[in-house]
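Asker: Handing you a structure now.
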Amino acid sequence: MQPVVRYAALLFIIMFAASCSTQKNTLLTRTYHQVTAKYNAFFNGRESYRTGVRNMERDFRYDYNKVLPVFLYTDPDLARSAAPHMDRAIDKASKVINNKSITVRPEEGRGSLFGRDEEFYQLNEYNKWVRQSYLLAGKAHFHKHDFVSATQAFMYVIREYALNEERHEARVWLMRTYIESQRFNEARLLLEQIIDDPEFPADLEGELYATVADYHLRLGQPARAAENLERALKQTRGKSTRVRYNYILAQLYESIGDNSRASDYYARVIGMNPPYEMVFNARLGQAGVVETGSGETGQMINTLERMLRDEKNRDFEDQIYYALGNIYLRDGDEENAIRHYKLAATARGTNPSQKSITYLSLADIYFEHPDYVTAAEYYDSALINMDRDFPDMEALQAKSAVLNALVDNILIYRLEDSLQLLASMSETERNRKIDDIIAMARQEEADARERERLAQQTPQYRTARTAQSARYQAERTGDGSWYFYNPSAVTFGQNEFESIWGERRLEDNWRRSSRQTIAPAMMADAGRDPVADAEEEDEDAPEQGSREFYLRDIPLTEEAMMNSHYRLEEALYNMGLIFKDELRDLERSEEAFLELVRRYPEGYYALPALYDLYNMSMDNNNLSAAGRYEQMIVDGYPGSPYAAILTNPDYFREYEEKLQAAERYYEETFYLFRDGYFEEVADRALYASAMWPGSDLIPRFEYLRTLSYGSRGNIPVFRDMLTEYISSYPGTEMAENAMQFIAYLDDDYAEAVQFAEVVTETDIYLDDKEDEHYFVVIVDNNQDIINRMVFNIVNFNVDNFPRFDLNVSSESFTRSYHILRVEGLPDLPVSMDYFKRFRASEDVYAETGQTDFPQFVISDNNYGIFMKDRNIASYLNFFEEEYLVR
């Protein structure tokens, strides 16, 4: 009987399986394929996905100097490491989709059906685990950071399974995908759809609120992020996630100044017994939100100092010192704040970004003093160690660049002033002074070597040395000398530098402990012997440390002294401009300009310095000082444009009218040249030179005049005129064209004529329709019109092309016109559609007082040619022939 039973059972299984084809839709087939899908391929795929997610969360490293991420899938390196698990999940999901999908409609009236409502018969998929597999594949693609494939999967679920519950989860994940892709506008629109859906399930609200919190966090809206994260926290179960949400809430409330709630949330984190690193940072966070002047301040300082003595905090000393510095700074104790920040800069630590934040805090303090030289050093050091995604990175880089430019000019001033002082001494006095400098330099070298030796042996030495520098800075008092020339500041800056970095020569890569690691390699790449080169170059140079070594830069001749004065004067003027325009430190700007005028009343920069002093006085409503500077300009420089500006209230209007008239006159002259009216062009060019002497357009007028004479056919005379033009306007674009003309004339006159036609016709542009294209509109050079048009174009983009990430850039074109360029158009058909819609829209000119501006589509290559040629009519002809007519 046993063989018979086994045979019968096998036969039953075969018959059952045959009856359960996916082409049949019965209760039996649905049950069979759902069970076999769920507990086979789908189960294995989901487990692989969960393993990948757990690994990503396990390996994620928090940066406590930033607000922690709501979700732990943001690290691209972890996404790559999880890719094998995600690929397996995608593969298993695909098998379910391919083998277990039931899309055929069930037969109506069959008793085996459990639902007869109309909605059931409209489903596109009757196997739940096929729908779940699409979701699983989308989430796996998402965690691989393949956001394009993830978007396609989630949108498929939303579109095809609009009657099933899976659509809700797909919408949440699609919103996350948009956020990770920085498609925030689309994320907002999708969120509005979710909120308006009354069928959205309550069990997904926690995931939704967390996603919304992440959305607001990415947009820099901490209050709204906190509001939604609190809602998410109420519906979140996992301990690690709840701990992270509490920590994020503490950080968010700290960022908006709600220190009481921030402290409460930090306390909650500590009470949840998370890993020690988070406990440690939560305690530092509590220290950061202690109210100034409260009794808790001293208690928190004692707590942090006890933490310094705790052996398990040895790797966090830098953060503890930094937290102490923050407390002292908030309490107004700047001396102790600086001392602890400097201790933090040299203390041990495991957080690589902490050093950048410490340097940045020091830089901000010195900037506010203001001590720009020291601030520049610290900003520079902060940027060296800073992550590229640090908040406001570009602004910090710009600020550092401004300060470095200022310091360069301050150092030039100090150097030239010192050299001139030495030059003014008698030879005996100068030699005695140089001997003192040599002795001091030798002693400093010996001290530096000793500091370097001790620093290498005892790391704590650097800490002590930094603290000593801090005390020196705090005890230093002014001697009444001018801010930009303070020898004690120079000495302090050098000591400060060496206390952190050791002795380093001022050269590229000075932060390396030994330049030998890079310099020989660079020289070897050039195929040269660095030692031999150094000996060859320094063969006639004076020995370092000798009198001759120091004497060589002292301006002892009349020419050398003149050049020194020019460098010093230029440095003073640059300092004044940087203080005024970049740092808005008008007090020090005035000091620099006044020092310049005092030392160089007849110098090249005296007049613009006086005009800057006049403007600053007017801005400060100091009318007496402004009147004094005005009189100095009018009396001392009566024929200058500055005097004309001050004495003629209509000067700028008249000047602008002249510029516009010159541009219109040039355009008319160019069109006459293009049409062959060469005699008239020559006459108009002569008139322009007399009418607008000094105008930037004069080289172009003269170029047209030269070409017009060339049309008479006298090649030798034409060649001489071109040569004369090159010598009169060297370095200009037209001079380069003239040199090319001469080359053509030397080869063949016919080619020269052909070249002239090329220069003046539309053939200069390329037929490259496969290139990236921009939409360009040329508007009047009026700031109100420019601002309004940018606003109108942005609105036009949102209303008409919301799917594309379009950007509007602004660029000066001529004195009369300004270019607005729309970038991000994906291809030529979309670009031309944009052009047609823009041309048909009346709203784009709203509140400009205009009804039309020149507009066209142009390729990237042709845009570069257009900006060189700057002939609107020429390109419009090309655009019409190549884009509109064809």
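The values are calculated or read from the model by the stated rules, or taken from the named source; none is laboratory data. These figures come from a predicted structure and were not determined experimentally. Virtual Cβ from ideal backbone geometry, glycine too; neighbours counted across all protein chains shown. When the accessible area is computed, the model is the full protein with side chains, heavy atoms only, and any ligands, DNA or RNA have been set aside. Shrake-Rupley method; radii C 1.70, N 1.55, O 1.52, S 1.80 Å.
Asker: Only one residue in ARG598, ARG584, ARG588 is open to solvent by 30 Å² or more (accessible area, probe 1.4 Å) and in a loop (DSSP other than H, G, I, E, B), so which one is that?
Answerer: ARG584
Asker: Considering every residue within the range 856-868, establish whether at least one is among the aliphatic types (A, V, I, L, M) and touching a Ser or Thr at 6+ places or on another chain (Cβ under 7 Å).
Answerer: So far as the range 856-868 goes, yes, one or more of its residues are among the aliphatic types (A, V, I, L, M) and touching a Ser or Thr at 6+ places or on another chain (Cβ under 7 Å).
Asker: Can you pull out every residue in the range 548-585 that is over 17 Å from LEU596 (Cβ atoms), acidic (Asp, Glu) and in contact with a helix residue (DSSP H, G or I) (Cβ under 8 Å, 6 or more places away or on another chain)?
Answerer: ASP553, GLU582
Asker: Among the strands (runs of 3 or more DSSP E) confined wholly to the range 744-852, which include 1 or more residues that are open to solvent by 60 Å² or more (accessible area, probe 1.4 Å) and at pLDDT below 85? Before the answer, list the steps.
Answerer: Values: elements: 773-780, 807-812, 817-823.
Filter on the range 744-852 gives 807-812, 817-823.
Asker: Considering each of ASN404, ASN385, ASN409 in turn, give the residue that is in contact with a Lys or Arg (Cβ under 7 Å, 6 or more places away or on another chain) and either closer than 23 Å to ASP581 by Cα or not hydrophobic (A, V, I, L, M, F, W, C) (or both).
Answerer: None of the other options fit; the residue is ASN385.
Asker: Could you list, in sequence order, the residues of the range 564-587 that are among the charged types (D, E, K, R) and either assigned by the TED database to the domain that holds ASP371 or closer than 15 Å to ASP619 by Cα (or both)?
Answerer: Across the range 564-587, the qualifying residues are LYS580, ASP581, ARG584, ASP585, GLU587.
Asker: Further question: Quick one: which of ALA41, ALA82 is in contact with a helix residue (DSSP H, G or I) (Cβ under 8 Å, 6 or more places away or on another chain), modelled with pLDDT under 85 and closer than 25 Å to HIS145 by Cβ?
Answerer: ALA41
Asker: Given the structure, is GLY349 open to solvent by 10 Å² or more (accessible area, probe 1.4 Å) and not β-branched (Val, Ile, Thr)? Walk me through how you get there before you give the answer.
Answerer: Numbers: open to solvent by 10 Å² or more (accessible area, probe 1.4 Å): yes; not β-branched (Val, Ile, Thr): yes.
Yes: the conditions hold for GLY349.
Asker: Moving on. Between a residue in the range 390-401 that is modelled with pLDDT under 90 and any residue that is surrounded by 13 or more Cβ atoms within 10 Å (Cβ to Cβ) and assigned to a loop (DSSP other than H, G, I, E, B), which pairs come within a Cβ distance under 7 Å, given they are 6 or more apart or on different chains?
Answerer: MET393/MET386
Asker: Got a sec? Which of LEU623, LEU613 is modelled with pLDDT of 90 or more and buried (at least 19 other Cβ atoms within 10 Å of the Cβ)?
Answerer: Answer to the selection: LEU613.
Asker: Between a residue in the range 347-374 that is touching a residue at least 40 places away in the same chain (Cβ under 8 Å) and charged (D, E, K, R) and any residue that is part of a loop (DSSP other than H, G, I, E, B) and open to solvent by 20 Å² or more (accessible area, probe 1.4 Å), which pairs come within a Cβ distance under 8 Å, given they are 6 or more apart or on different chains?
Answerer: ARG348/PRO459
Asker: Okay, moving on. Show the residue pairs meeting these rules: Cβ distance below 7 Å; 6+ apart or different chains; first residue within the range 675-694 and more than 29 Å from PRO641 (Cβ to Cβ); second residue at pLDDT below 80.
Answerer: These pairs meet every condition: PHE678/SER711; ALA682/TYR709.
Asker: Being in contact with a helix residue (DSSP H, G or I) (Cβ under 6 Å, 6 or more places away or on another chain), closer than 27 Å to ALA661 by Cβ and either surrounded by 18 or more Cβ atoms within 10 Å (Cβ to Cβ) or at pLDDT below 85 (or both) is the requirement here; does TYR703 meet it?
Answerer: Considered against the rule, which asks whether it is in contact with a helix residue (DSSP H, G or I) (Cβ under 6 Å, 6 or more places away or on another chain), closer than 27 Å to ALA661 by Cβ and either surrounded by 18 or more Cβ atoms within 10 Å (Cβ to Cβ) or at pLDDT below 85 (or both), TYR703 comes out as yes.
Asker: Just the residues that are touching a residue at least 60 places away in the same chain (Cβ under 8 Å) and surrounded by fewer than 15 Cβ atoms within 10 Å (Cβ to Cβ), please, taken from the range 554-563.
Answerer: LEU556
Asker: Next question. Can you tell me which residues in the range 626-642 are under 41 Å from the mean Cα position of the chain (by Cα) and at pLDDT 90 or above?
Answerer: ALA626, TYR629
Asker: Is it the case, given these coordinates, that ASP380 is under 19 Å from LYS66 (Cα atoms), of a type in the set (D, E, K, R) and either without any contact (Cβ under 8 Å) to a residue 40 or more places away in the chain or surrounded by fewer than 23 Cβ atoms within 10 Å (Cβ to Cβ) (or both)?
Answerer: Details: under 19 Å from LYS66 (Cα atoms): no; of a type in the set (D, E, K, R): yes; either without any contact (Cβ under 8 Å) to a residue 40 or more places away in the chain or surrounded by fewer than 23 Cβ atoms within 10 Å (Cβ to Cβ) (or both): yes.
So ASP380 fails the test.
Asker: Let me ask something additional. If we scan the range 158-166, do we find a residue that is open to solvent by less than 30 Å² (accessible area, probe 1.4 Å), at pLDDT 90 or above and either touching a Lys or Arg at 6+ places or on another chain (Cβ under 8 Å) or assigned to a helix (DSSP H, G or I) (or both)?
Answerer: no
Asker: Here is a further query. From (1) closer than 29 Å to ASP805 by Cβ; (2) open to solvent by 30 Å² or more (accessible area, probe 1.4 Å), pick out the condition that doesn't hold for ALA232.
Answerer: The number of the failed condition is (2).
Asker: Going through the range 287-321 one residue at a time, which ones are within 18 Å of GLU254 (Cβ to Cβ), open to solvent by 40 Å² or more (accessible area, probe 1.4 Å) and touching a helix residue (DSSP H, G or I) at 6+ places or on another chain (Cβ under 6 Å)?
Answerer: THR292
Asker: When the residues of the range 714-743 are filtered to those that are of a type in the set (S, T, N, Q) and not in a helix (DSSP H, G or I), which remaining residue is modelled with the highest pLDDT?
Answerer: Step by step, filter the range 714-743, then rank; the result is THR732.
Asker: What are the pairs with Cβ atoms under 6 angstrom where one residue, in the range 123-152, is under 12 Å from TYR73 (Cβ atoms) and the other, located anywhere, is in a loop (DSSP other than H, G, I, E, B)? Sequence gap at least six, or different chains.
Answerer: From the range 123-152, the pairs are HIS143/TYR73; PHE147/SER181.
Asker: Let me ask something else about it. Residues in the range 662-673: is at least one under 30 Å from ASN877 (Cα atoms) and open to solvent by 80 Å² or more (accessible area, probe 1.4 Å)?
Answerer: yes
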